[in-house]
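Accompanying notes for the structure given below.
The values are calculated or read from the model by the stated rules, or taken from the named source; none is laboratory data. Keep in mind the model is a prediction, meaning the values are calculated, not measured. When we count neighbours, we look across all protein chains shown, and the Cβ atoms used for this are built from the backbone with ideal geometry, even at glycine. Only protein heavy atoms, including side chains, enter the accessible area calculation; ligands, DNA and RNA are left aside. Shrake-Rupley method; radii C 1.70, N 1.55, O 1.52, S 1.80 Å.
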Amino acid sequence: MNKVTVIVPIYNVEQYVRTCFDSLLKQTFEDFVVYAVNDGSPANEQSIIDEYVAKYPNKFVGIQKENGGYGSVLEMAISRCETPYFIICDPDDYLADDALEHLVDLAELSEADITIGAKYFIYSDGTDKDYDAAYNTAFTKLKVNTVYNSGTNEYNDLFYIDPSPHSKLYKKEVAKKIKFLHKVGYTDNLLFYISLLTASKVIYTDKACAYYLVDRAGNTMTDIRPKALDAHIEVFKAIVDQAQSLNPCDMFYYRMFESYKFILYQTPRMMGTKTEYKEKLDHLYEFVEKLIPHRSQIQPIYKKNAKGGFLEKYRDMQLLKSSSSKKTYAIIEEKMIQNFKEK
């Protein structure tokens, strides 16, 4: 029986699929199956999928479905998964030859629910790869090949990990109850944060197991459409909602507030009019409202970690106070709209 399902969500990435598939065929670990999921793509990936399924019937399973977005692919693939572990490999990315072997060995030795590796950033112009530890090294230093147990202070450091799917091997059990949003991007954030809250043990390796193409057109890192901003907001609202039954730690809520700030600072890049921009800022406040009840959990960690000036710190705490939140946000919004340049 296979141990790992490799989920490959496929939509409009025809030029990259073969490289991804070939990297999987080069794996030094053999006990895996690939779910190549065509999410109603308008491109010609299906013929490539059919080719690999015909050549490697014991390795590739081709799945066609109506377009429902990244979350619908994860939902369907995880529900169909018959292996104890799964990993996601986006089709414009690829894995190191020994990625599965290394991650599975660590997972089995440690009995970890999530096994997380570093990655390389790669670029469309073929420039040199850049190593990425896959977490925010400015705030913590993760221990390599060390089990992190849920409920400990050390476990809090894992919330600084990049939530992208790269180099993350999951036990199916930690993800099977997640309710994925359809027709939106950024659902890998939902997978990571809810799984992290569900897991009992996590282990990290500084070995780069994946190659992440960061500058592809249409990549969520480069998508600045109003629709993409809406998706980002909806996913983080869903994360907070689904976390409620999992008794989240204070660090979780702090990281959610930092995620709000990250989205806010990205909004000036949005393509659109000032009217559209105001609509998106109004939408973002819905996320803030979900964090207000958790001000007392966020504030101590924020005070310890915040690097901004006095005015920014004061504003942020006023934003999380129910009596002053709307007024504070209105001031923030007005200033951002004034500075926004229509594109």
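For this structure, a couple of remarks:
- Computing FRET efficiency as 1/(1 + (r/R0)^6) for Lys343 and Lys278, where r is the C-beta to C-beta distance and R0 is 22 Å, gives about 0.90.
- Hydrodynamic radius by Kirkwood, which averages 1/r over all alpha carbon pairs of region 265-343, in angstrom: 13.5 Å
- Under 5 Å between amide hydrogens, built in the peptide plane, is the criterion, and for Ala210 it picks out Ala96, Tyr120 among residues at least 5 positions away or on other chains.
- The listed peptides 103-110, 152-159, 271-278, ordered by packing as a protection proxy, come out as 103-110, 152-159, 271-278 (highest mean of other Cβ atoms within 10 Å first).
- Entries of Lys177/Lys278; Lys183/Lys307; Lys280/Lys313 with Cα pairs more than 26 Å apart: Lys177/Lys278; Lys183/Lys307
- Surface share of carbon and sulfur [accessible, 1.4 angstrom probe, percent] for the chain: 49 percent
- With the simple spin-label model, which puts each label point 7 Å out from Cα in the Cβ direction, the Glu82 to Tyr314 separation comes to 6.4 nm.
- Across region 67-91, the residues whose backbone nitrogen lies under 18 Å from the label position 7 Å along the beta-carbon direction of Lys26 are 89-91.
- Approximating the spin labels as points 7 Å out from Cα along Cα→Cβ, the Ile224-to-Leu109 distance works out to 4.5 nm.
- Rounded to two decimals, the Cα radius of gyration of region 197-343 over 2.2 N^0.38 Å is 1.15.
- The share of Cα pairs per 20 Å bin across the chain, counted from zero up to the longest distance, runs 29, 58, 13, 0 percent.
- Legend: residue pairs Lys59/Lys119; Lys3/Lys65; Lys129/Lys237; Lys59/Lys171, Cα-Cα distance threshold 28 Å; pairs beyond threshold, Lys129/Lys237.
- Summarising the label geometry, the points placed 7 Å from Cα in the beta-carbon direction at Asn145 and Lys303 lie 4.1 nm from one another.
- Along the axis of the charge dipole computed for the chain (Cβ charges of +1 for Lys and Arg, -1 for Asp and Glu, origin at the Cα centre), the listed residues Phe139, Ala118, Thr5 are led at the positive end by Phe139.
- Mean accessible surface per residue for the chain, computed with a 1.4 Å probe while every protein chain stays in place, in Å²: 46 Å²
- Average Cα contact separation per residue, the chain, under 8 Å, 6 or more apart, as relative contact order %: 16 percent
- Links that overshoot a 23 Å alpha carbon limit, given the list Lys321/Lys341; Lys141/Lys176; Lys261/Lys335: Lys321/Lys341; Lys141/Lys176
- Estimated [θ] at 222 nm from DSSP helical runs (n ≥ 4, -39500 (n - 2.57)) normalised by residues in the chain, nearest 500: -13500 deg cm²/dmol
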